[in-house]
Each structure stands twice: as structure tokens, then as C-alpha cells.
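Read-outs: derived from the displayed coordinates by stated rules, not from any lab. Every value quoted in this text rests on a predicted model; they were computed, and no experiment measured them. Glycine gets a Cβ as well: all are built from the backbone with ideal geometry, and neighbour counts include every protein chain shown.
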Amino acid sequence: MSEALAPLPLSAFIIFARIGACMMLMPGLSSPRVPVRARLFIAIGVSLAFMPLLHERMAGFFREPSLSPLVSLVLVETLIGLIIGLGSRLFFLMLEMLASAIAQAIGLSGIAGMPVEESSGEPTMVTFILISATLLFFISDLHLEVLRGLLMSYELMAPGVGFPARFGLGEMADALTAASLLALRLSGPFLVLSIIVNFAFGLANKMTPMIQIYFAAMPVLIGLGFLLMMVVARPFLQGFVLGLEQFLVR
């Protein structure tokens, strides 16, 4: 019995390497606002929950344990976890970048807000968009899709077969492409609004050079930006959640 239980701590540590690395980059949990101890306990809890399902696959690695293969296995498992976590993280990074562009386009970049994903301050518009997207990420159970992907990754990338470099690069390229296209599609109305308003006021300024048109341009741009946000806020967030869900399910 003692010999059968001996590999349990090592198996749990190998499983924790992949899951902990994924949790370190998982949206919501990777925020600096979440205490490090809370993230650690969540990763440990998920690892222990996966332990009964994955222990049999790990048992073969510890019949003749040695230090060098174990270190190599831990590094590979950590890299795989980072790839899985970074796939969904890229969607939030692109959303944050385009939200900053939206705030700049409608003249709200100077209003600082509370940081959500990063330690530095962001405009209030960025804070609103990121908090809403993070809440919908958990309300829509997309975090469970990440956990399901972690569990299925042991079938696609079994421990001990080496690091799948081609698969990892392909997944990162697909995630970056999908996240970029989704963010550009969602922020498009605000960028078009900014171009139209600035072009109209620039044309008006050329026609009436004695009148300082640009003093009225900024309030009009901010007002139209708020009005557009009221109209498209729901489809904006729904489109982001649906795009992220399609990527995670795939």
C-alpha cells in the first residue's frame, strides 16, 4: 500500500504544474486585484479535483524516478499550461488595447479609472468594459470551458511525449488572429464615429476659419460616444463573449 501511495505527491505536483501555469494567465484570476494566496488555493483545489482522473496516467513515470526526467517533465507541463491559459488571455489583452483606443477616440482617455487586468491605471471606459467582460466570462461559465480544455489536453498532449512546439505556435497564432479580428470588429463603430466627427468639424473649421469650431467638437464627440455606447453596449459584450466561447469550445 505504501508503494502504491508513494507516487501520489509527485503526480499531484506534475498535475499542478500544468494547471497552476494555466491559472496564472487565466482571465479574471490573473488580475493583480486577486490575492496570490487565493489563486494558489484555487490551483491546488483544481489539481486535487483532477487527481483521481489523471493519476493512472502519471503512475508510469515514477516506477524508476530520477531527477533529470522529472525536471524536464515539470518544465514541459508548465509550458503547456501557459499556452492553454494564454489563449483566452489574449482575448482580454486585445479587448483592453482596443478599449483604450475607444476611450481615446471619443475623448475619454484623460479620465483615469481603477486598473483591472494590469497594475497601472486605465481610463474609466476601459475599466467599465473589462469589468463587464470579466463578469460575463464567469457568469457564462466560460471558465469551466478552460477547465474542460485543461482536462482534454491530457488526451491531446499526454505527459512525457515532449513539448508540441508546432501545435503550440499554431494555437497562439489562431488565438491572436481571432482575438484581433474580434476586437477590431467590436471597436469599429467607435473608431468610425471618431473619424466622421473629426472630419466634419475639420471641414467646418476650414469653411469658417474665424470661429473656433474645435472648442465645441470635444463635448459633441463625448456626447455621441456615450450615446453610441448606450446603444451598442449589449451587443458589444455579447459579441465578445460569443467570440471567446467559440474559440474555447473549439
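Roughly how many nanometres apart are two label points built 7 Å out from the Cα toward the Cβ at L181 and K206?
With each label point 7 Å from Cα toward Cβ, the separation is 3.6 nm.
Under 18 Å from a label point 7 Å along Cα→Cβ of D174: give me every residue in the range 68-110 with its amide N that close.
The answer is 80-92, whose backbone nitrogens lie closer than 18 Å to the label point.
Sorting I83, I19 on the 10 Å Cβ count, fewest up front, what's the list?
Going from sparsest to densest Cβ surroundings: I83, I19.
Please get the size of the charge dipole for the range 2-249, origin at its Cα centre, with Cβ charges of +1 on Lys and Arg and -1 on Asp and Glu, quoted in debye to the nearest 20.
420
Ranked by Cβ crowding within 10 angstrom, fewest neighbours first, how are L10, L95 ordered?
Sorted ascending by nearby Cβ count, the order is L10, L95.
How do 226-236, 23-33 rank on mean C-beta neighbours within 10 Å, highest first?
Put in order of decreasing packing, that is 23-33, 226-236.
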